[in-house]
Amino acid sequence: MQVGFIGTGSMGSILIEALLSSRTLLPSQIIAYNRTLSKAEMLAERYPGLAVAASNAEVARSANVIFLCVKPFEYNQALEQVSGQLTERQLLVTITSPVELADLEEHVPCQVLRVVPSITNAALAGTTLIEFGSRATSETRSAIFALFSRISQPVEVAPCNLRIAADLSSCGPAFISYVLQEMILAATEETGITQEAATHLTTEMIIGLAELLKKEIFTLPALQQRVCVPGGITGEGLIPLQQGIPGLFQQVFRRTHEKFAEDCREMKSHLTT
């Protein structure tokens, strides 16, 4: 398998490094191109054998699986540069959410699918969301699940649930990181504990919490009930959370869905012009 990456920014580089660190792929199996060439060259220095392409078109000619990892505003140009190089025997994988696979299939002759990675994949953990295009064969489905099961738990998602699934699995780490950082800052301001100490305690807490859930020692509701003794300190601390948080994530998801819909309209307009 020769795998090409068009775009080695945040998510593209995370995928490359996860696939290499898990030994799913060898560096010699990867060819990459980035508009800022130095970013791809740094990956090649870190992983000897990884090839740096001179153009998007070269990636398309050289690989049988091509990951399109560019931002929405770069998408149309990148697609134009590769579409004429693709054949029916290749596989195009987009990580850009707003583009509809049916629209993408109108521009390329090959099988297409969508992968929505998560920053947690850098630790060979978390989920990878997968949506298959209409041309995807059973062999392709099996191969993709085998590939991503080495760096995550791959989950096939229906288009109607893609946005909320991405909010939870891909955007979720940023949302939770913000909440934890606010907790750390409040601790330092209210008590004088150092930020270093508060960060260490919070980090170890969230790692331990993840282990409890992973090992199915507790569910989230059971864990809260176990820690929150009636009339105790934890229950008192939960009161402002219970007053302030309900309804908050509805607002978060409404905003992500509105932005997604706006991006979809813009992307569809670009692909049809």
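Key figures for this structure:
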| read-out | value |
| --- | --- |
| Cβ-Cβ under 9 Å pairs, at least 6 apart or on other chains, segment 93-114 side part of a loop (DSSP other than H, G, I, E, B) and at pLDDT below 90, far side crowded, with 19+ Cβ neighbours inside 10 Å and hydroxyl-bearing (Ser, Thr, Tyr) | 96/75; 97/170; 98/75; 99/75 |
| Near pairs, Cβ below 6 angstrom, 6+ apart or cross-chain, from segment 32-56 (in the same structural domain as residue 11 (by TED's automatic domain parsing)) to any residue that is of a type outside the set (Val, Ile, Thr) and part of a loop (DSSP other than H, G, I, E, B) | 33/53; 40/34; 43/50; 44/50 |
| Selection count, segment 57-81, where residues are of a type outside the set (Gly, Ala, Ser), closer than 20 Å to residue 117 by Cβ and either assigned to a helix (DSSP H, G or I) or outside the structural domain of residue 37 (by TED's automatic domain parsing) (or both) | 6 |
| Enumeration of residues in segment 104-133 that are surrounded by fewer than 16 Cβ atoms within 10 Å (Cβ to Cβ) and acidic (Asp, Glu) | 106 |
| So residue 226, is it within 29 Å of residue 16 (Cβ to Cβ) and surrounded by 10 or more Cβ atoms within 10 Å (Cβ to Cβ) | no |
| Top-ranked residue in segment 237-255 [being part of a helix (DSSP H, G or I) and hydrophobic (A, V, I, L, M, F, W, C); ranked as farthest from residue 165 (Cα to Cα)] | 239 |
| Failed item in (1) touching a residue at least 60 places away in the same chain (Cβ under 8 Å); (2) closer than 19 Å to residue 173 by Cβ; (3) not basic (Lys, Arg), with residue 209 passing the rest | (1) |
| Filter result for residue 75 (surrounded by 20 or more Cβ atoms within 10 Å (Cβ to Cβ) and touching a residue at least 12 places away in the same chain (Cβ under 8 Å)) | yes |
| Failed item in (1) crowded, with 17+ Cβ neighbours inside 10 Å; (2) under 25 Å from residue 257 (Cβ atoms), with residue 136 passing the rest | (2) |
| Single unsatisfied condition, residue 156 versus (1) over 23 Å from residue 10 (Cα atoms); (2) charged (D, E, K, R); (3) in contact (Cβ under 8 Å) with a residue 12 or more places away in the chain | (1) |
| Any hit, segment 183-198, residues being surrounded by 12 or more Cβ atoms within 10 Å (Cβ to Cβ), in the same structural domain as residue 248 (by TED's automatic domain parsing) and either within 24 Å of the chain's Cα centre (by Cα) or at pLDDT below 95 (or both) | no |
| Residue in segment 251-271 that is of a type in the set (S, T, N, Q) and loosely packed, with under 11 Cβ neighbours inside 10 Å present | yes |
| Residue check for residue 19: in contact with a strand residue (DSSP E or B) (Cβ under 9 Å, 6 or more places away or on another chain), crowded, with 17+ Cβ neighbours inside 10 Å and over 18 Å from residue 71 (Cα atoms) | yes |
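Listed here are the residues, each with its yes/no results for (1) buried (at least 21 other Cβ atoms within 10 Å of the Cβ); (2) at positive phi; (3) of a type in the set (Gly, Ala, Ser).
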| residue | (1), (2), (3) |
| --- | --- |
| 32 | yes, no, yes |
| 43 | yes, no, no |
| 50 | yes, no, no |
| 54 | no, no, yes |
| 69 | yes, no, no |
| 79 | yes, no, no |
| 140 | no, no, no |
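The values are calculated or read from the model by the stated rules, or taken from the named source; none is laboratory data. The shown structure was predicted, so the numbers you read here are calculated from the model rather than taken from an experiment. Here the Cβ is made from the backbone with ideal geometry for all residues, glycine too, and neighbour counts use every protein chain on show.
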